[in-house]
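The block underneath contains the structure these notes are about, expressed in structure tokens.
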Amino acid sequence: MKCAILVKPGELKIQNVDRPEPGPNEVLIQVDLAGICGSDDSVYKGKMVIPLPRIPGHEAVGRIVSMGKEVKDRKIGQRVTIQPNFPCEACPICQSGMGNICLQKVRLGLDIDGVFAQYVKVPYPYTWPVPDLLDDETAVFTEPIAVAYHALLKARPKPGQRVLVFGAGVIGLIMVQLIRREGNDVFTFDLVRDRLWISEGLGATAGLTSTDELLSRGPFDLIYETSGASSAFDEAIKAASPGATIVILGLPGSPHPLLTTPIVRKELKIFGSMIYTTEFPEVLDLLVKGQIKTQPLVSGILDLEGLSTALERFADPKRVKTLIRIGI
Ligand SMILES: [Zn+2]
Ligand SMILES: [Zn+2]
């Protein structure tokens, strides 16, 4: 099969390798469409270190082409999307329902070969049938939407709360739509005007781009930090109202000193939110009902050969989500 292999940071090769054989509880999926995620960029640039060579990628839609003996409730030819983190299911953390933070979890495209390939094998409980109503370009967003939906469930907006989303990238633009659906007004903050315009098109009251704007439109009762910029966390603490909640989804690449005094003085509640647990079926349902728009988030669709270029241009401020069409 054809695949993109990261041989060392910055060097991605298109190669032919043996097609994987599914194990007893695995399905083999022929990948039709994949999404490029921030973690793919971090791995490509060497900011996130993983054993190489590796086929990266974890966001995908495809069809089941073969399966192991123990697979239940799945059919050959079925279109599925992938929940690409496989917790051990045995440790106390998993047993308490928090498999998202299992220390032994296996991450597709990081710990094992991922979806930037014609075929990928996945344990069947981590595949979700895609309803016929959803096209591939929509269903491929199931995973990032699950990330945002998990954060929403961590701290759900209460009626009348003023909400702010830091970062108008893919996750931020999904957060905006989830918050609007709850009935709350939501503001966005980003340094890139083009992304703020998209957020306004998706229902944000206003996109803010400077600390002055932030402080004049604030304070905010509930803040979601999706940008991963360490300075954003300082801004979030400043813009928070007394008693506010801050949910952090972004992962800053480097340590950053924490402004503890205002956290204490304002009695801020701060939550981390890591990927997802049981959100996939609800997310597919939201997509079927048309409650999350994904089309404005698609910046381009390339083939596998275009993956290196897309990763080189990952930081382009006008880009939101680039998709990779694979197929046979
Ligand atoms: Zn992702
Ligand atoms: Zn576990």
Please tell me if LYS69 is under 18 Å from the mean Cα position of the chain (by Cα), outside the structural domain of VAL170 (by TED's automatic domain parsing), over 25 Å from ASP136 (Cα atoms) and exposed (fewer than 14 other Cβ atoms within 10 Å of the Cβ).
no
Which condition number in (1) modelled with pLDDT under 95; (2) touching a Gly at 6+ places or on another chain (Cβ under 9 Å); (3) among the hydrophobic types (A, V, I, L, M, F, W, C) is the one that LEU215 fails?
(2)
Qualifying positions in segment 247-278 - among the acidic types (Asp, Glu) and part of a strand (DSSP E or B)
none
Residues within segment 111-136 that are touching a Ser or Thr at 6+ places or on another chain (Cβ under 7 Å) and either in the same structural domain as ALA151 (by TED's automatic domain parsing) or within 16 Å of ligand 1 (Cβ to nearest atom) (or both), tallied:
1
Residue pairs meeting the criteria (Cβ under 6 Å; at least 6 apart or on separate chains; first under 18 Å from PRO131 (Cα atoms), in segment 59-73; second acidic (Asp, Glu)):
GLU59/GLU143; VAL61/ASP32; VAL61/ASP136; GLY62/ASP32
State which residue is surrounded by the fewest Cβ atoms within 10 Å (Cβ to Cβ) when the search covers only segment 95-106 and only residues that are over 29 Å from ASP136 (Cβ atoms) and touching a helix residue (DSSP H, G or I) at 6+ places or on another chain (Cβ under 9 Å).
LEU103
Give me the pairs, please: first residue somewhere in segment 82-104 and within 16 Å of ligand 1 (Cβ to nearest atom), second residue anywhere and hydrophobic (A, V, I, L, M, F, W, C), beta-carbon distance under 6 Å, and either six or more positions apart or on two chains.
ILE82/ALA60; ILE82/VAL122; GLN83/PHE280; PRO84/LEU108; ASN85/ILE275; PHE86/VAL106; ASN100/MET274; ASN100/ILE275
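The values are calculated or read from the model by the stated rules, or taken from the named source; none is laboratory data. None of these values were measured; they are calculated from a predicted model. Because the Cβ atoms are built from the backbone with ideal geometry, glycine has one as well, and the counts that use them run over all protein chains shown.
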